[in-house]
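Below is one structure, written out as structure tokens; comments come after it.
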Amino acid sequence: MLTKTTMEKPVNDFDFIESIFIGAIDACALKESINLKLFDHLLTARTAAEAAEITGTDESAIKALMAVLEGRKLLTAIDNRYMVTPASAEFLVSTSPFYQGNSLLWQRKNCEHIISNMSELLRKPGMPAGCISKKFSLPDAMKGIIEHAMRGSLQDTVEFIEMLPGFNDAQWLCDIGGNHGKYATALLDCNSHLHAVIADLPDVAAEIKHIYAESAYKDRLSVIPCNLLTDYLPEKTYDIVLTSYVLQIFGDKLEQVIRKIAATIVPGGWFVTQNMTDYGTDRLYMNAINLMTELTVKANHFIPEKLLISLLEESGFCDILTARTGMNKSDLIIAGRKNSPVRYS
């Protein structure tokens, strides 16, 4: 007679652990959907057969992919016909003014670099010189950064600066790490007397300098190479200095950099900085972004509000103003007025 054997069973659920790996398929499905311009095609409701014919894919395969997108609330399905949702129509259709396709592909390349090098980066964090140019071209990166700004942070920042006391009398703006220049040009549009300087790393400055050399802003906007870890900007020159998602890269040199910035502002001028904070930010998202930043530039991407305000006050700024930016108002913008002369230390 056979004796029944009772096998030991696990007591914890494993599905949520496995789903972390399976979720990588969803990310890749979104990437390929952007490359196929699938969301453009699904502005009109279509069957899987119609979507396959338009995109040159297999009917069963594209149907499975669209089911993944439906599960992620990027598509809706009625009577076996798939169509974009309001969110994907706004952010994933290439003709939308708020299209984020290039931004997502840019982020994907950042993620792929970290994924493929994580073992090494965990032991020796830091992105090697020239690594960015090897991953993707600067023009492609700028497309992504511009689209990311258009999710609300650019609009909110411009509105905030436009309301600062004395903005209409300001004559010189310096956008440090200004990259694509959209913040600077938007502010030039708000003040016809304003002139702007974009100060960025030498390779970035060289890339964008020719963009504005023949633009409508050519007489009011210039581009200069600058690395605030090693370089200095002219003292008491600018009425407004702006940094947007830049300060985190300076890590433990942040106090020194803010003092350099203070020295370049005229008495009574403003320093305005926009940064990620942990206010209302999804914890999983925040942890992932912070891991990426720690591994590549050895810094925390989320700068505490109290720390920023303290550093501004210690560097001679007063009349501190704050606001929240972006669609979810999870990012922080702080402005401080230059109170007393601060020289480089």
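The values are calculated or read from the model by the stated rules, or taken from the named source; none is laboratory data. Predicted model only: the values in this text are computed from it and were never measured. Don't worry about glycine lacking a Cβ; one is built from the backbone with ideal geometry, like all the others, and counts go over all protein chains shown. What goes into the accessible areas is simple: the full protein's heavy atoms, side chains included, and nothing from ligands, DNA or RNA. Shrake-Rupley method; radii C 1.70, N 1.55, O 1.52, S 1.80 Å.
Observations on the structure shown:
- The slack in the chain from Asn328 to Ile309, taken as 0.36 nm per residue of separation less the alpha-carbon distance, amounts to 4.7 nm.
- Computed over Cα pairs, the Kirkwood radius of region 18-175 leads via Stokes-Einstein (1.567 mPa s, 4 °C) to a diffusion coefficient of 71 µm² per second.
- Whole-Hz Karplus values for region 169-176 come out as 9, 5, 10, 9, 10, 10, 9, 7 Hz, taken residue by residue from phi with 6.51 cos²θ - 1.76 cosθ + 1.60 and θ = phi - 60°; glycine and proline positions read x.
- Principal-axis tilt of helix 101-123 within the chain, Cα atoms, nearest 10 degrees: 90 degrees
- Apolar share of the accessible surface for the chain: 57 percent from carbon plus sulfur atoms, 1.4 Å probe.
- Crossing angle, helix 202-213 versus the chain [Cα axis fit, 0-90 degrees, rounded to tens]: 80 degrees
- Average projected area [Cα convex hull, the chain], square nanometres: 24.5 nm²
- Residue-wise HN-Hα couplings along region 265-272, as the Karplus relation 6.51 cos²θ - 1.76 cosθ + 1.60 with θ = phi - 60° gives them from phi, are 9, 5, x, x, x, 10, 10, 10 Hz; Gly and Pro carry x.
- Two-site label geometry, Asn287 and Phe98: point separation in nm, points 7 Å out along Cα→Cβ: 2.9 nm
- Amide H contacts of Gly269 (H built 1.01 Å from N, in plane; Pro and chain starts excluded): Lys338 sit under 5 Å, all sequence-distant by 5 or more or on other chains.
- On a per residue basis, region 225-299 carries 42 Å² of accessible surface, using protein heavy atoms and a 1.4 Å probe.
- Prolate/oblate/rounded call for region 196-345, Cα gyration tensor, a/c under 1.5 rounded: oblate
- Full extension of the chain segment joining Lys253 with Glu159 gains 30.9 nm, where the gain is 0.36 nm per residue of separation less the Cα-Cα distance.
- Computed E for Thr47/Ile20 - FRET, C-beta separation, R0 30 angstrom, nearest 0.05: 0.35
- For region 5-84, the spread of Cα coordinates along the three principal axes comes to 56, 25, 21 Å, biggest extent given first.
- For His195, nonlocal amide neighbours, meaning residues 5 or more places apart or on other chains whose placed amide H falls under 5 Å from its own, are Trp172, Leu173.
- With Cα atoms, 0 to 90° folded angle of helix 15-35 axis to the chain main axis: 70 degrees
- Virtual spin-label span in nm between Asn12 and Ala27, 7 Å along Cα→Cβ: 2.3 nm
- Sorting the segments 11-19, 306-314 by their mean number of nearby beta carbons within 10 angstrom, highest to lowest, gives 306-314, 11-19.
- Alpha-carbon centroid distance for the pair region 192-225 / region 79-116, whole angstrom: 29 Å
- The spread of Cα positions in region 194-267, taken along each principal axis and listed from longest to shortest, comes to 38, 29, 19 Å.
- Distances between placed amide hydrogens fall under 5 Å for Ser244 paired with Gln274, all partners being 5 or more residues away or on another chain.
- In the chain, helical runs assigned H by DSSP with n ≥ 4 each contribute -39500 (n - 2.57); averaged across all residues and rounded to the nearest 500, the mean residue ellipticity at 222 nm is -14000 deg cm²/dmol.
- Among beta bridges from DSSP that stay inside the chain, the antiparallel ones total about 50%.
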